[in-house]
Amino acid sequence: MTQWTLGPDSGELLLRTGVTGSASRMGHRLTIAMRAWHATVEWDGEVPSGIEMTVDLDSLDVLRGEGGMTPLSGAEKILIRSNALKTLRAKKFPQAQFRSTSIERSGSAVRIVGLLDLAGRTAEQTVEVEVSDESLLGTAVVRHSDFGIKPYSMLMGAMKVADEVGVSLAVTRPA
């Protein structure tokens, strides 16, 4: 059995948010990097057999915002980061953790089902992964509502972060 130990030096973990509401065109669709995380992937031959991952929420870094009425400024990125950490209750629950419970492979595609602990709640989460000899490319959709998180909103709810947040992980095999 082989084990990969992964972290920010292995690749990137990105979040992508959407905007909903009657004033949604005023908001930015954000790309956020998580700068501090680590994962362990156990392998049984060419198939992952177990995955554990921990993300430090305070490592959240707003990279860019698409759309919106004006370009995203540095001050706005700082405010967005602060609001996101409050929304996630990161002071009380500083980490998100994922542990696989089942893994199914079909060709190069792997479906990983596991438990995600976020903001003091645990919910089942599915991750779709493309596996090659050199890399893993994973995607998932995490819903605020699955974890009792009220998405950030403004303008009396006319503009708010969409319930679904896209998560992507792109890593290369450790040397």
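The values are calculated or read from the model by the stated rules, or taken from the named source; none is laboratory data. Since the model is a prediction, treat every value here as computed from it, not as a measurement. Cβ atoms come from the backbone with ideal geometry, glycine included; neighbour counts cover every protein chain shown. All accessible areas refer to the heavy atoms of the entire protein, side chains included, with ligands and DNA or RNA removed. Shrake-Rupley method; radii C 1.70, N 1.55, O 1.52, S 1.80 Å.
Points worth noting:
- Computed with every protein chain present, the accessible area of residue 46 is close to 130 Å² [probe 1.4 Å].
- Each part reduced to its alpha carbon centroid, region 63-87 and region 89-151 end up 24 Å apart.
- Cα Rg, Dmax, region 35-117, angstrom units: 17.1, 50
- Neighbourhood charge, 12 Å Cβ-Cβ cut-off, centred on residue 105 and excluding it, Lys, Arg +1 and Asp, Glu -1: -4
- If you plug the beta carbon distance of residue 89 and residue 5 into 1/(1 + (r/R0)^6) with R0 = 25 Å, you get a FRET efficiency near 0.30.
- Answer label for semi-axes √(5λ) of the Cα gyration tensor in Å (calculated), chosen among (i) 34, 16, 14; (ii) 37, 15, 14; (iii) 30, 16, 15: (iii)
- Dividing the summed -39500 (n - 2.57) terms of all DSSP H runs of n ≥ 4 by the residue count of the chain sets its mean residue ellipticity at 222 nm at -2500 deg cm²/dmol.
- Dividing the C-alpha radius of gyration of region 1-62 by 2.2 N^0.38 Å, with N its residue count, gives 1.54.
- Kirkwood Rh in Å, taken over region 106-171 so that all alpha-carbon pairs contribute: 13.6
- Sum of side-chain charges, residue 49 neighbourhood, beta-carbon under 11 Å (Lys, Arg +1; Asp, Glu -1): -2
- Cut-off 10 Å between beta-carbons: net charge of the residues surrounding residue 4, Lys and Arg +1, Asp and Glu -1: 0
- For residue 108 and residue 128, the difference between the fully extended length at 0.36 nm per residue and the C-alpha to C-alpha distance is 6.1 nm.
- Between residue 155 and residue 139, the modelled labels are 2.8 nm apart [label points 7 Å from Cα along Cα→Cβ].
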